[in-house]
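Novice: I'd like to ask you about the structure that follows.
The values are calculated or read from the model by the stated rules, or taken from the named source; none is laboratory data. Everything numeric here is computed off the predicted structure, so don't read it as measured data. All Cβ positions, glycine included, derive from the backbone under ideal geometry; neighbour counts span all protein chains shown.
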């Protein structure tokens, strides 16, 4: 399928800059990821089930249930402790955390990256890594092999989650997960394939879409190795959230201390999809212990994200917040954060670097411009993650989202 786009010059420059910074291989790579993320979000809304189906059970075929074998968290935790009891981070591995401002540019400083718009895929990844480590005798797992394994593991989970509803919350659990070839055909493939005459071309199209989704999931939520300013960096939610260690040769990974803690915590959604009778509704996505862990151990790695969450939580319980109102909160906190984070010389360098983009946006001051840059996407991702934690309640009416403040003392806490 041929798509012709006439992009504004400032949009094209932003894409070009992301490619130059190593976030994407080329324009096609960027477009694929952008379309995949938008389709995952948009199409998932159309897959919502009616309230009549809530509380009924899901019957899964054998190919899915084999992927969701039960594990005893207590038993696995004990074995992990034995495997890791001699680990020394300074000798046995590195915690490769790079600040988001370094990885994604100053407008992303202090924030979880916008494409890492869910916590639950991260939980699934560390859960599966925990399972693989517990079944062997070594704490190290080959990174590239695990990327293949986790993509395969995530597909049936994502398809199962299409049928699971969160009580009093319209957040779709399946967003972010890759989909099978069969699901691709069901969603939009048959119409596209009609325009392709050769059978081999049809197969190539399907394989390309399938592999693109698997790669997106593995790169965004697990991570990948790259270079930034001639230095080794690891991008991806599990790395950036401090949940993984990497071997000295950068080829193997294992769970960090925090990764082991998070992976070992019981999860209501995982418990549900591992049960003999999977229910179509869950009370919460995360347990109280998991929410506490994320608030205490993950958010502090993203100071601006943490500040925005605190600002929203300071609102009275029951307050209904629109995305626009939340965006104003983000931009205000972002201006303060960036002004304190960067010195005068750094800000002057940014002004030179982004001069053309600033002129296109008719902005003369760098800090307000950086504060507004991508703020709509950033707040959307933050609000969805807060909804996952049960401290916001998402409602969608006529495709317009609103968020009700639940708070930490209520809901699943």
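Novice: Within the range 325-333, is there a residue that is outside any helix (DSSP H, G or I) and touching a strand residue (DSSP E or B) at 6+ places or on another chain (Cβ under 9 Å)?
Specialist: For the range 325-333, residues outside any helix (DSSP H, G or I) and touching a strand residue (DSSP E or B) at 6+ places or on another chain (Cβ under 9 Å): absent.
Novice: Can I ask one more? In the range 301-316, is there at least one residue being crowded, with 22+ Cβ neighbours inside 10 Å and over 20 Å from the mean Cα position of the chain (by Cα)?
Specialist: Taking every residue of the range 301-316 in turn, at least one turns out to be crowded, with 22+ Cβ neighbours inside 10 Å and over 20 Å from the mean Cα position of the chain (by Cα).
Novice: Could you tell me whether residue 171 is within 19 Å of the chain's Cα centre (by Cα) and modelled with pLDDT of 95 or more?
Specialist: Spelling it out, it is not the case that residue 171 is within 19 Å of the chain's Cα centre (by Cα) and modelled with pLDDT of 95 or more.
Novice: Just to check your reading of the model, which residue among 347, 394, 370 is touching a helix residue (DSSP H, G or I) at 6+ places or on another chain (Cβ under 7 Å), surrounded by 15 or more Cβ atoms within 10 Å (Cβ to Cβ) and not in a helix (DSSP H, G or I)?
Specialist: So the residue among 347, 394, 370 that is touching a helix residue (DSSP H, G or I) at 6+ places or on another chain (Cβ under 7 Å), surrounded by 15 or more Cβ atoms within 10 Å (Cβ to Cβ) and not in a helix (DSSP H, G or I) is 394.
Novice: What single numbered condition from (1) touching a residue at least 60 places away in the same chain (Cβ under 8 Å); (2) under 22 Å from residue 136 (Cβ atoms) fails to hold for residue 258?
Specialist: Going through (1) touching a residue at least 60 places away in the same chain (Cβ under 8 Å); (2) under 22 Å from residue 136 (Cβ atoms) one by one, residue 258 breaks only (1).
Novice: Okay, next question. Residues of the range 298-313 being out of contact with any strand residue (DSSP E or B) (no Cβ under 9 Å at 6 or more places or on another chain), over 16 Å from residue 267 (Cβ atoms) and either without any contact (Cβ under 8 Å) to a residue 12 or more places away in the chain or in a helix (DSSP H, G or I) (or both), which ones?
Specialist: Matches in the range 298-313: 299, 300, 301, 303, 304, 305, 306, 307, 308, 309, 310, 311.
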